[in-house]
Each structure stands twice: as C-alpha cells, then as structure tokens.
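Structure first, then comments.
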Amino acid sequence: MSDTILTERVNIPYNQDQFPGAWPAIKAALAGDSSPEQWENATGRCLDTRLRHRYLDPIKGIARSRKLKGEGFLILTIQCSLLEFLASLRLGWNYSHGADWGDNFEYGDSKRLFVDFLRRNTPFLNFIPTKAKATTFYRDIRCGLVHEAQTKDGWVVKGGSSKYPLVDFDTKVVNRDAMGDAIDDYLANYRQAVKTDQDLQEAFIRKFDNLYHHASLAPDFAAG
C-alpha cells in the first residue's frame, strides 16, 4: 500500500459554518438540505475524519516500519474490523449480542454480515465472488486473526500491491496491501453513491445516531 493511497483521498475539506462539530448539528443540516454537496461535506466531516484518525493513519504508521515481523497480521486484523464497520454502515445496522437478523436495525451474526458484504460489493466480489469463498475468508482469516492472533488452515499474509492478488484461494495468500487498496476503492465508490442514494443516506443517519449515542466524547464526536 502506498504512503498516500489511504490518507489523501479521504481528506475531503468541509465547511465548518455549514457543519458544526457535533453529529446532531450535522444531521439537522442534512435534514434542511440533502443535496449531494451537503452529503459530501457530511461524509467528509463524519466518516472520512473518523476513519483517518482511527484506522487509516494508524495503518500507515504500522506499514512504514517495513520490518516484516508481523506488521501484516496487525494491519489485516485492523482491516477486518474496518470491513465489518463498513458492512454495518451500508445497512445502517448496529451489533447487539443475540439480536435477530435485522430486527430494530440490529444484527447478532457477524459472519452473515461479513460474508454478504464481501460477495456483494465491489471491488471485493471480484476476488471473493461466492458465499463459500467469503465464508472461508471469514473463518480462516478474519476469525483466525481476531480470536487466535493468527490465520488458520495455512493462510499466509503477504504485502506488495503488485506482487499478489487480494486473495488467492489456491495458494492461500491474502495481500494486506491489496486489501488496503480495495478498501480505499470501496470508500471512493461509497462516498459517491451516498450523495444521491436515499437508502444509503438513511442507513448512514441510523448508524451515526447510534455511534453518537454511545460515544464517550460526544461534543467532538464528528472529529473522530
């Protein structure tokens, strides 16, 4: 992953006068004007800043070490966490342990959410096109990293965007740099789509309502 791919594209400027810092004010501004320009400002302020602070800049810092002594495992673990957030954001659903699928916009089945997201959204579906392959990714890579601190069933984490595909199910190689590029591409497509897609807009508002409700630093919530 290049040093610029995951940070510069998400640094979209916003108008502070149009969008004060806290989410309720941003939500109110969107209710008054839901134009594509307003949505671009809102996603720049809320989503992009949040992801840059919590995920993308930390990943960049880890990748800079170039020691090849475990960075790939840590980066891919963070990326898997980010993938689940992006999946839940797209639906506007929130995780609740034991929740029935979709009731009250909640889910208790991370596997289903993760698998459906990978096989239904570009660019991930180009590499993980079937439910079986997405399930393998979830079980052997995502769950292995999260629960066992390693991949399972012989999977290997590699780096170098041009050297390996995102996922190779024959050689069992997953490329953390290509995954970073794929996440970046997905975010670019999502930011464009949410400007005009009412379902995505409603989902975005539901998700950020919930995030704001649980935030420990609510007054500065939008800044990450």
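Measuring between their Cα centroids, the stretch 89-131 and the stretch 33-54 lie 22 Å from each other.
Considering only protein heavy atoms and a 1.4 Å probe, what is the carbon-and-sulfur percentage of the accessible area of the stretch 67-224? Heavy-atom surface of the stretch 67-224 belonging to carbon and sulfur, 1.4 Å probe: 48 percent. Which links in K131/K152; K172/K207; K131/K163; K27/K131; K163/K207; K60/K152 stretch past 30 Å when you go from one Cα to the other? Checking Cα-Cα distances, K172/K207; K27/K131; K163/K207 exceed 30 Å.
What share of Cα pairs, in percent, lie more than 18 angstrom apart in the stretch 103-224? Don't jump to the answer; show the numbers that get you there.
Values: 4676 of 7381 pairs.
Of all Cα-Cα distances in the stretch 103-224, 63 percent exceed 18 Å.
The residues of the stretch 72-224 present an accessible area of 47 Å² per residue when probed at 1.4 Å with all protein chains retained.
So what's Rg/Rh here for the stretch 91-152, counting alpha carbon atoms and using the Kirkwood radius for Rh? Present the calculation step by step, with values, prior to reporting the outcome.
Numbers: Rg = 12.5 Å, Rh = 12.3 Å.
Across the stretch 91-152, the Cα-based Rg/Rh ratio is 1.02.
Length available on full extension from Y95 to D33: 0.36 nm per residue minus the Cα-Cα distance, which gives 19.4 nm. Considering the stretch 47-185 at the alpha-carbon level, its Rg and Dmax are found to be 14.7, 46 Å.
The values are calculated or read from the model by the stated rules, or taken from the named source; none is laboratory data. Remember, it's a predicted structure, so these values are computed and weren't measured experimentally. Areas reflect the complete protein model, heavy atoms only, side chains present, ligands, DNA and RNA absent. Shrake-Rupley method; radii C 1.70, N 1.55, O 1.52, S 1.80 Å.
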